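Taking it in order: structure first as structure tokens, then the write-up.
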Amino acid sequence: MPAHGCFPTPTPTSWAEDHVAISAFKGIGFAQQWSLCGGLGSRFKIEEWDYPDIGVYFGDCPSAGHDMIALDYRACGPSGEPSVVHVDQEDDYSITPLAPDFETFVRGLVHESEYEDDPEDVKNDALLHVRSAPFNTRLHRLCEQWPDPRMPAAIRRLAEAIVEDKGYFALHADANSHLLYAAQFLLLGHSRPVRSMEGFLQSYPGVIAMVGSAHFGTGGWAPGFVEDWFQARVGTGELVQTEGQWHFSADFRAALLRQLVGGRQETA
């Protein structure tokens with residue numbers, strides 16, 4: 001995950017008028033599903049998401065798959081040095097040249113602060129968003145199915161705490177983000193059984209992440225944070241599997257509900 005995650009562009013993209021963003025470089029390997037050769041790696045983007053087969057998709061973007069950074073081998077061939085390009089799924093997979101080679105791309109990355117608005121304005125806009133933006137249809141339905149009507153307010157309180165802490169609304173590896181991952185797991189698991197981590201990751205977008213800007217949400221998401229949270233809960237015994245279904249242990253669930261809504265707990 002680069003400290004400097006923005007690269008200037010001469011033309012607009014779906015991300016911004018004057019730059020693209022990279023949230024992570026895919027690891028080199030086969031074992032991890034998000035690595036270059038893993039199950040959700042470069043070939044997955046080509047074969048399942050219809051990205052053009054121009055080379056290797058190595059750069060994840062904050063849009064969680066709706067744009068990618070790639071090594072482009074079209075001009076150099078398989079034994080040459082590829083250029084680096086941005087491929088924009090949101091613009092019919094348009095390709096924007098970024099750098100003539102990988103080193104130039106890495107050296108050209110700049111900090112996101114180069115493109116930020118005034119931090120106080122960003123924070124105030126984010127607070128207004130999490131306090132008043134309507135839930136999208138899916139999140140609204142999941143909350144309606146949950147037996148405790150205080151869950152929507154709990155989700156907004158957590159989101160507000162995240163904005164107060166960071167100055168913007170995004171879920172990472174902090175304690176409040178972990179609580180919001182857990183709240184989403186509760187809602188999704190109440191709606192239908194969670195039978196695998198991969199199934200949870202597939203269900204995760206569209207609840208809070210990856211929703212339209214007019215609705216309550218974070219926009220993009222970083223799957224690695226959610227995967228790390230899931231695996232950590234398994235490691236501590238807070239997330240357990242019974243009869244093929246993942247659920248929270250009784251003690252962790254009770255403590256979690258006290259943190260989220262306090263007092264009276266729901267009945268499953």
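With a cut-off of 8 Å between alpha carbons and a minimum separation of six or more residues, what is the relative contact order of region 103-229 in percent?
28 percent
What is the percent carbon and sulfur in the accessible area of region 130-236, measuring with a 1.4 Å probe over the protein chains and ignoring ligands?
Numbers: 2350 of 4520 Å².
The value for region 130-236 is 52 percent carbon and sulfur by accessible area.
Taking square-rooted eigenvalues a ≥ b ≥ c of the alpha carbon gyration tensor, is region 167-268 rounded, prolate or oblate, where a/c under 1.5 means rounded and, failing that, a/b exceeding b/c means prolate?
Working: a/c = 1.58, a/b = 1.32, b/c = 1.19.
Here region 167-268 falls in the prolate category.
Give the lysines whose C-alpha is closer than 29 Å to that of residue 166, dropping any in the same chain fewer than 8 places away, or say none.
The reachable lysines, counting only those whose Cα sits under 29 Å from residue 166, are 26, 123.
Label residue 103 and residue 173 with points 7 Å out from Cα along Cα→Cβ: what is the distance between them in nm?
Once both label points are built, they end up 3.0 nm from each other.
Ranking request for peptides 108-119, 19-30: highest mean number of other beta-carbon atoms within 10 Å first, then the rest in descending order. Show your work: numbers first, answer last.
Values: 108-119: 11.8, 19-30: 17.7.
The peptides rank, most packed first, as 19-30, 108-119.
Where both partners of a DSSP beta bridge lie in the chain, what percent of those bridges are antiparallel, to the nearest 5?
Details: 27 of 28 bridges.
Antiparallel bridges: around 95 percent, rounded to the nearest 5.
How high is the relative contact order of the chain? Use alpha-carbon pairs under 8 Å, at least six apart in sequence, and give a whole percent.
On the way: 404 pairs, mean separation 36.1, N = 268.
Here the relative contact order equals 13 percent.
Would you kindly state how much longer the chain becomes between residue 111 and residue 195 on full extension, computed as 0.36 nm times their sequence separation minus their alpha carbon distance, in nm to one decimal? Spell out each step's value before the answer.
Values: separation 84, 0.36 × 84 = 30.24 nm, distance 3.92 nm.
So the extension gain works out to 26.3 nm.
Stretch residue 76-residue 31 to full length: gain in nm at 0.36 nm per residue minus the Cα-Cα span?
On the way: separation 45, 0.36 × 45 = 16.20 nm, distance 2.89 nm.
Gain in length upon complete extension: 13.3 nm.
How much length, in nm to one decimal, is gained on full extension between residue 251 and residue 156, taken as 0.36 nm per residue of separation minus their Cα-Cα distance?
Values: separation 95, 0.36 × 95 = 34.20 nm, distance 2.42 nm.
Contour length minus the Cα-Cα distance gives 31.8 nm.
Calculate, for region 42-194, the solvent-accessible area per residue in square angstrom, rolling a 1.4 angstrom probe over the heavy atoms of the protein chains. Each step should come with its number before you reach the end.
On the way: 7560 Å² over 153 residues.
Heavy-atom accessible area per residue stands at 49 Å².
Suppose a student asked you for the relative contact order of region 20-168, using Cα pairs under 8 Å spaced at least 6 residues apart; what percent would you report?
Working: 189 pairs, mean separation 18.6, N = 149.
After rounding, I find 12 percent.
Shape verdict for region 98-208, please, from the Cα gyration tensor: rounded (a/c under 1.5), prolate (a/b greater than b/c) or oblate.
Numbers: a/c = 2.76, a/b = 1.51, b/c = 1.83.
Cα axes put region 98-208 in the oblate bin.
What shape does region 46-145 take by its C-alpha gyration tensor, where a ≥ b ≥ c are the square roots of the eigenvalues and a/c under 1.5 counts as rounded, a/b above b/c as prolate, and the rest as oblate?
Numbers: a/c = 3.96, a/b = 1.67, b/c = 2.38.
The shape class here is oblate.
Quick one: Cα centre-to-centre distance for region 30-103 and region 156-198, in angstrom?
29 Å
The values are calculated or read from the model by the stated rules, or taken from the named source; none is laboratory data. Being a predicted model, the structure only gives us computed values, none of them experimental. Positions of Cβ are generated from backbone atoms using ideal geometry, with glycine treated the same way; all protein chains shown enter the neighbour counts. Ligands, DNA and RNA are excluded from the accessible area calculation, which covers all protein heavy atoms including side chains. Shrake-Rupley method; radii C 1.70, N 1.55, O 1.52, S 1.80 Å.
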